[in-house]
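Asks: Mind looking over this structure? Questions follow.
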Amino acid sequence: MGRLEVRYDPRDISHIYIRDPETRELRAVERRDGALAPMTLWDARKDGELNTLPCIG
């Protein structure tokens with residue numbers, strides 16, 4: 001499998017989307033921890049929950 005296109009809104013990273021390489025549709029991806037509460041990218045970095053996700057719009 002090649003690289004996947006990932007999309008998210010840095011103002012609410014509780015919703016992450018991956019582009020399906022076959023259909024080119026964006027598909028929602030659930031969080032591994034099961035949390036549903038909205039969280040900004042900046043809050044996640046501040047809390048140490050996220051250290052590697054780049055800030056893209």
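Asks: Quick query: amide H of Ile16 versus all other amide H atoms, modeled in the peptide plane; which residues come in under 5 Å with a sequence gap of 5 or more or a different chain?
Replies: Val29
Asks: Could you please put Leu4, Leu41, Leu36 in sequence from largest to smallest accessible area, using a 1.4 Å probe?
Replies: Sorted by accessible area, descending: Leu36, Leu4, Leu41.
Asks: Now a separate question. For every other residue with a beta carbon closer than 11 angstrom to the beta carbon of Leu4, add +1 if it is Lys or Arg and -1 if Asp or Glu, then tell me the sum.
Replies: Residues near Leu4 contribute +2 overall.
Asks: Can you list residues from other chains, or at least 5 along the same chain, whose modelled amide H is less than 5 Å from the amide H of Thr40?
Replies: Ile13
The values are calculated or read from the model by the stated rules, or taken from the named source; none is laboratory data. No experiment lies behind these values; they were computed from the predicted model shown. Neighbour counts are summed over all protein chains in view; Cβ atoms, including those assigned to glycine, are modelled from backbone coordinates with ideal geometry. Heavy atoms of the whole protein, side chains included, go into the accessibility calculation; ligands, DNA and RNA do not. Shrake-Rupley method; radii C 1.70, N 1.55, O 1.52, S 1.80 Å.
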